[in-house]
Amino acid sequence: MVKVLSSPRADVYGQMAFDEILVSEPSFAGEDLCRFFNWSGGPCATFGYAQFYNSARAQFEAAGIKEFTRRPTGGGIVFHTDDLTFSLIFNCSKDLNVRQIYDSLHGLIKANFKKSGVDFDSYNDKSDYRPAPGGQNSACFTNPVGGDLMSGGVKVLGGAMRRYGERILYQGSLQIKGARENETFKSVIENSFAEFRSSPLARGEVPAETAEKARILARDCYASQTWKGKF
């Protein structure tokens, strides 16, 4: 069963905290979860776990972004203005590598968007994300990698993943104007994930106690200079 979870409104720190708790808490072990970020606040940004803080901060300051944090997943810099941001959490054998997961999941999303009348291309270079030369961080959506979805030569869907044992956390961003409020786009994402997991869909809500844990983790970790300046 793929459970589509609704969650309380949260800023960038809270969104990262929700995902960490949902992927790591024993109470959610074995569940297939899909969550669309319910954003509060204005424009914000995230940068990949292994990226350099000073480079990311300089780019955010230049863009006038005041709220930003390091993701628990990899990848590059992502600006969150009106993107449809979502996370997918599921169990996966270590026999299946991240590249195989990425290609399979994005292939299903592409096919289901086509059925809904939206035709994307796939970026076929099989490269993975790498920082720009000189140790600088690059923006995910100006630096496509293999499996990303493209429209008119521009990257529109990318994601970053991390393994937690046999659990996978995928954090995705669909960067199309108006995507955040587009219910058809949400339906395509959740149905593609259900197809990926060969499971029916169900609806649920993030429990109140989980939301409180996320609030505390957001404050103590994701909003902290210690976490943001880790590297």
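Just one of the listed residues (Gln225, Gln171, Gln175) is polar (S, T, N, Q) and free of Cβ contacts under 8 Å to residues at least 24 places away in the same chain, and it is Gln225. When Glu195 is tested against (1) in contact with a Leu (Cβ under 7 Å, 6 or more places away or on another chain); (2) open to solvent by 40 Å² or more (accessible area, probe 1.4 Å); (3) of a type outside the set (S, T, N, Q); (4) part of a strand (DSSP E or B), exactly one condition is not met: (4).
When the criteria are applied in full, Asp95 meets the requirement of being acidic (Asp, Glu), farther than 14 Å from Leu157 by Cα and not in a strand (DSSP E or B). Selection of segment 170-209 for residues being in contact with a helix residue (DSSP H, G or I) (Cβ under 6 Å, 6 or more places away or on another chain) and β-branched (Val, Ile, Thr) yields only Val188.
Residues to consider are Lys155, Lys213, Lys230; find the one that is touching a residue at least 12 places away in the same chain (Cβ under 8 Å) and assigned to a helix (DSSP H, G or I). Checking each option against the conditions leaves just Lys213. Of all positions in segment 134-142, at least one carries a residue that is open to solvent by 30 Å² or more (accessible area, probe 1.4 Å), under 18 Å from the mean Cα position of the chain (by Cα) and either charged (D, E, K, R) or modelled with pLDDT under 95 (or both).
Residues in segment 88-110 that are touching a residue at least 12 places away in the same chain (Cβ under 8 Å) and either closer than 16 Å to Gln175 by Cβ or not hydroxyl-bearing (Ser, Thr, Tyr) (or both): 16 in all. Under the condition of being surrounded by 14 or more Cβ atoms within 10 Å (Cβ to Cβ) and in a helix (DSSP H, G or I), the residues counted in segment 199-210 number 1. Given (1) modelled with pLDDT of 95 or more; (2) open to solvent by less than 80 Å² (accessible area, probe 1.4 Å), where does Gly178 come up short, assuming only one miss? Going through (1) modelled with pLDDT of 95 or more; (2) open to solvent by less than 80 Å² (accessible area, probe 1.4 Å) one by one, Gly178 breaks only (1). Filtering segment 11-51 to residues that are open to solvent by 10 Å² or more (accessible area, probe 1.4 Å) and assigned to a strand (DSSP E or B) leaves Asp32, Phe36, Trp39.
Summed over segment 72-120, the residues that are among the basic types (Lys, Arg) and either at pLDDT below 95 or in contact with a strand residue (DSSP E or B) (Cβ under 9 Å, 6 or more places away or on another chain) (or both) give a count of 3.
Taking segment 101-117, which residues are more than 17 Å from the chain's Cα centre (by Cα) and assigned to a helix (DSSP H, G or I)? Passing the criteria: Ala111, Asn112, Phe113, Lys114, Lys115. Would it be correct to say that Ser6 is among the small types (Gly, Ala, Ser), in contact with an Asp or Glu (Cβ under 7 Å, 6 or more places away or on another chain) and open to solvent by less than 10 Å² (accessible area, probe 1.4 Å)? Against the criterion (among the small types (Gly, Ala, Ser), in contact with an Asp or Glu (Cβ under 7 Å, 6 or more places away or on another chain) and open to solvent by less than 10 Å² (accessible area, probe 1.4 Å)), Ser6 does not qualify.
Residues of segment 179-192 being closer than 25 Å to Ser40 by Cα and assigned to a helix (DSSP H, G or I), which ones? Across segment 179-192, the qualifying residues are Ala179, Arg180, Glu181, Glu183, Thr184, Phe185, Lys186, Ser187, Val188, Ile189, Glu190. Across segment 52-88, the qualifying residues are those that are in a loop (DSSP other than H, G, I, E, B) and small (Gly, Ala, Ser), and the one among them that is surrounded by the most Cβ atoms within 10 Å (Cβ to Cβ) is Gly75. Among the residues of segment 41-77, the ones that are aliphatic (A, V, I, L, M) and closer than 15 Å to Gln15 by Cα come to 1 in all.
The values are calculated or read from the model by the stated rules, or taken from the named source; none is laboratory data. Not measured: the values here are computed from a predicted model. Counting neighbours? That spans all protein chains shown, and the Cβs are built from the backbone with ideal geometry, glycine included. Just so you know, the surface numbers come from the protein's heavy atoms only, side chains and all, with ligands and any DNA or RNA stripped out. Shrake-Rupley method; radii C 1.70, N 1.55, O 1.52, S 1.80 Å.
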